[in-house]
Amino acid sequence: MRRRGLLAALAAPALAQAQPAWPSRPIRLLIPFPPGGTTDILGRYLAPPLSAAFGQNVVVENRTGGNGAVAIVEMTRAAPDGHTICMSISTLITQALLTKQPYDPIADVTPILHLANVGNIVVVNPALPIRSLADLVAYAKANPGRLSYGSPGIGSSVHLSGELFSQAAGIQMVHVPYRGGGPALADLVAGNIQLMFGNASSTLPFVRGGSVRPLAVTSASRQVYAPDLPTIAESGYPGFAVVEWYAMIGPAGMPASVTERINREIMAIVGTPEGRAKLLDLGAEVVGGTPAEFGAFLRADLTRTEALIRGANIKAE
């Protein structure tokens with residue numbers, strides 16, 4: 001018995017040496033959407049300070065397509081050693097519910113951090129004679145099917161906001177899915193589409209620059225970044241509230257020590273007053289919490305979103 005214990009004690013240092021330090025090479029940060037959208041903005045904001053904290057480059061890679069699914073699939077197939085992570089949004093759940101995907105949003109994912117929630121801003125091309133939600137509804141009813149709204153893709157919070165508002169207001173609008181929020185906003189400014197329920201992070205610069213006209217926010221309460229904008233709920237549609245969540249995830253089976261390290265380092269960036277102010281300027285409200293808490297949130301969000309999609313009869317187009 002004593003000999004066995006001695007052997008185990010002697011073997012322990014060797015086992016510790018056998019486990020390579022993390023990270024041992026550059027870390028790939030997959031972004032599911034093109035440059036210019038909220039996910040890309042947040043990912044590129046985090047990459048430099050994370051590179052400094054980890055002592056290895058965090059390399060941002062835009063893997064677009066399938067409304068985020070292409071990046072998620074690539075991530076789930078990567079080695080679960082912490083060298084491939086992904087900035088994800090709510091479409092992790094909605095794409096799995098609306099379309100057949102080769103991943104399970106719970107079983108194939110290691111939850112790392114619920115980074116932030118971002119509301120949407122209802123914006124229109126300023127050439128339209130629309131200055132309020134009431135104007136929007138009146139215009140849509142007078143011109144059924146002639147208003148088109150863009151989104152980063154089917155199942156995004158931008159898409160869900162548009163569908164839910166159309167049903168609540170009793171109007172017809174045409175949904176035009178893009179490969180990201182950036183291209184959709186560019187088409188809105190160009191007048192190729194008429195409106196968007198755009199993510200605040202990517203839409204605020206256009207609002208501040210005057211190239212789009214804001215009407216309301218989709219969140220449950222007014223937002224600090226635009227306190228004069230009413231909510232849809234207070235504009236005659238009580239109970240209306242839609243936000244997009246942003247998070248860091250990895251492939252299933254990541255070591256807890258690595259997951260917790262990434263969680264801590266990101267919160268060290270965004271959890272400070274300066275970090276929170278930076279994200280708030282982007283229209284994002286920091287959430288935080290542990291990997292376990294984010295895992296519980298994902299399971300609850302799957303149940304909630306499934307009920308929402310079924311109740312609103314939203315289908316893949």
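Would a scan of region 295-311 turn up a residue that is of a type in the set (A, V, I, L, M) and part of a strand (DSSP E or B)?
Within region 295-311, none of the residues are of a type in the set (A, V, I, L, M) and part of a strand (DSSP E or B).
So, of the residues in region 79-118 that are among the small types (Gly, Ala, Ser) and over 17 Å from ALA184 (Cβ atoms), which turns out to be farthest from the chain's Cα centre (by Cα)?
Restricting to residues being among the small types (Gly, Ala, Ser) and over 17 Å from ALA184 (Cβ atoms), the top hit is ALA79.
Looking at (1) under 16 Å from the mean Cα position of the chain (by Cα); (2) farther than 23 Å from SER157 by Cα, which is the one condition that is false for GLU265?
(1)
Looking at GLY150, GLY82, GLY145, can you tell me which residue is among the small types (Gly, Ala, Ser), assigned to a loop (DSSP other than H, G, I, E, B) and assigned by TED's automatic domain parsing to the domain that holds ILE171?
The conditions single out GLY145.
Which pairs turn up if I take residues in region 196-213 that are more than 18 Å from SER148 (Cα to Cα) and look for partners that are assigned to a strand (DSSP E or B) and not hydroxyl-bearing (Ser, Thr, Tyr) with beta carbon separation below 6 Å, at least 6 apart in sequence or on another chain?
Listed by first residue and then by second, the contacts come to ALA200/VAL118; ALA200/GLY119; ALA200/ILE121; SER201/VAL118; SER201/ALA284; VAL207/PRO214.
Go through region 269-285 and count every residue that is surrounded by 18 or more Cβ atoms within 10 Å (Cβ to Cβ), at pLDDT below 95 and aliphatic (A, V, I, L, M).
Total satisfying the criteria: 3.
In region 298-314, is there at least one residue being over 19 Å from the mean Cα position of the chain (by Cα), charged (D, E, K, R) and at pLDDT below 90?
yes
Considering each of MET248, MET254 in turn, give the residue that is more than 20 Å from the chain's Cα centre (by Cα), touching a residue at least 24 places away in the same chain (Cβ under 8 Å) and surrounded by 19 or more Cβ atoms within 10 Å (Cβ to Cβ).
Result: MET254 is the single residue among MET248, MET254 that is more than 20 Å from the chain's Cα centre (by Cα), touching a residue at least 24 places away in the same chain (Cβ under 8 Å) and surrounded by 19 or more Cβ atoms within 10 Å (Cβ to Cβ).
Could you check region 97-128 and list, in sequence order, the residues that are among the hydroxyl-bearing types (Ser, Thr, Tyr) and in a loop (DSSP other than H, G, I, E, B)?
THR99, TYR103, listed by residue number.
Can you tell me which residue among ALA116, ALA138, ALA71 is among the small types (Gly, Ala, Ser) and surrounded by fewer than 22 Cβ atoms within 10 Å (Cβ to Cβ)?
Being among the small types (Gly, Ala, Ser) and surrounded by fewer than 22 Cβ atoms within 10 Å (Cβ to Cβ) holds for just one of ALA116, ALA138, ALA71, which is ALA138.
The values are calculated or read from the model by the stated rules, or taken from the named source; none is laboratory data. For clarity, every value in this text was computed on a predicted model and none was experimentally measured. Reconstructed Cβ throughout: ideal geometry from the backbone, glycine too, with neighbour counts over all protein chains shown.
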